[in-house]
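K.L.:
Just passing along the structure, written as structure tokens.
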Amino acid sequence: MSTPNNYAPPQSVVADIPSTDTPYEKATRLSRLGAVIVDGLIFTIPFIPSYVAAISVMAHTRMNRYNYVAVWSAMASAGILFYVAVLINLVLIVITTVLVYRNAQTIGKKLLGIKVARTDGSRASLARIFWLRYLLNSLITAVPFFGTFYFLIDSLMIFGEQRRCCHDYIADTIVIRA
């Protein structure tokens with residue numbers, strides 16, 4: 001029988017048990033894609049009439065080359081429709097900003113029942129979502145050549161085990177079910 005060594009470190013078995021009791025459930029990849037598509041459509045659809053009117057202007061210009069009244073009236077209608085679309089988008093931006101401030105959700109995320117949160121599940125602030133998730137990401141994407149490569153990497157990162165894109169890692173956020 002061996003005598004105990006009073007100077008030896010304590011011996012015990014420690015088992016790390018992974019915590020499965022998270023207070024949130026991550027959003028699915030499909031719901032995140034759906035939210036991006038819905039947001040894109042919501043902001044694009046108001047411009048469709050102005051695009052159609054612009055095509056009409058081009059057609060009027062070819063057919064009525066010397067009828068300046070027809071060409072100018074077509075151009076005016078296209079311009080008016082464009083400015084109406086811009087005003088609608090400004091209203092949509094205000095609505096989106098209010099939703100992001102209150103619930104950390106865009107219109108698309110609200111419709112699909114998901115929202116942005118910090119990695120610990122706490123509320124993500126409007127500043128974090130705007131500056132880190134949106135603006136910084138947009139600026140990086142705008143860099144010629146590198147921006148396209150970054151956009152591709154950012155989009156494909158959703159297929160990782162964590163279901164987080166590059167902009168999620170930059171902003172220290174996750175997308176969860178609301």
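The values are calculated or read from the model by the stated rules, or taken from the named source; none is laboratory data. Bear in mind the structure is a predicted one, so any value in this text is a computation, not a measurement. Don't worry about glycine lacking a Cβ; one is built from the backbone with ideal geometry, like all the others, and counts go over all protein chains shown.
K.L.:
Determine if segment 3-26 includes at least one residue that is over 15 Å from GLN105 (Cβ atoms), among the β-branched types (Val, Ile, Thr) and modelled with pLDDT of 80 or more.
P.N.:
Looking for residues that are over 15 Å from GLN105 (Cβ atoms), among the β-branched types (Val, Ile, Thr) and modelled with pLDDT of 80 or more, one finds none in segment 3-26, hence no.
K.L.:
Taking segment 126-178, which residues are outside any helix (DSSP H, G or I) and buried (at least 16 other Cβ atoms within 10 Å of the Cβ)?
P.N.:
Matches in segment 126-178: ARG163, ARG164, CYS165, THR173, ILE174, VAL175, ILE176, ALA178.
K.L.:
Could I ask something else about it? So which residues in segment 100-156 are farther than 19 Å from THR28 by Cβ and among the polar types (S, T, N, Q)?
P.N.:
Across segment 100-156, the qualifying residues are SER122, SER125, ASN137, SER138, THR141, THR148.
K.L.:
Residues THR119, THR106: which one is modelled with pLDDT of 95 or more and touching an Asp or Glu at 6+ places or on another chain (Cβ under 8 Å)?
P.N.:
Result: THR106 is the single residue among THR119, THR106 that is modelled with pLDDT of 95 or more and touching an Asp or Glu at 6+ places or on another chain (Cβ under 8 Å).
K.L.:
Taking only segment 82-103 into account, find how many residues are of a type in the set (Phe, Trp, Tyr) and either more than 23 Å from VAL52 (Cβ to Cβ) or in contact with an Asp or Glu (Cβ under 9 Å, 6 or more places away or on another chain) (or both).
P.N.:
Within segment 82-103, residues that are of a type in the set (Phe, Trp, Tyr) and either more than 23 Å from VAL52 (Cβ to Cβ) or in contact with an Asp or Glu (Cβ under 9 Å, 6 or more places away or on another chain) (or both) number 1.
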